[in-house]
Amino acid sequence: MKDLFKPLNSSLELFQEKINFLFFMIEMLLFLIIVILIIWIYGFVRKNLGIDKQTKELEKIRKIIEKKFNE
């Protein structure tokens, strides 16, 4: 009687492994999306607050140009 359900049991185990792998891949995808979103928010905030390197350099250039025009 045990051998009768062996193929069904192995098929169900294989199906369960595939479902577990699918959930694992979905979790990894969500994790990557969250990481990318956090990096994007960090860059967006830095740029809009003016604390990134390019904004600081532009402010220096603007000050130099204003000094030249005021002279």
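Here residue 3 meets each of (1) surrounded by fewer than 10 Cβ atoms within 10 Å (Cβ to Cβ); (2) part of a helix (DSSP H, G or I); (3) acidic (Asp, Glu) with one exception, condition (2). Only residues that are of a type in the set (Lys, Arg) and either modelled with pLDDT under 90 or outside any helix (DSSP H, G or I) (or both) were counted across region 6-36, and they come to 1.
For region 43-70, give me each residue that is exposed (fewer than 10 other Cβ atoms within 10 Å of the Cβ) and in contact with a Lys or Arg (Cβ under 8 Å, 6 or more places away or on another chain). Those that are exposed (fewer than 10 other Cβ atoms within 10 Å of the Cβ) and in contact with a Lys or Arg (Cβ under 8 Å, 6 or more places away or on another chain): none in region 43-70.
The values are calculated or read from the model by the stated rules, or taken from the named source; none is laboratory data. Just so we're clear, the structure is a prediction, and the values are computed from it rather than from any experiment. We place every Cβ from the backbone using ideal geometry, glycine too, and count neighbours over all the protein chains shown.
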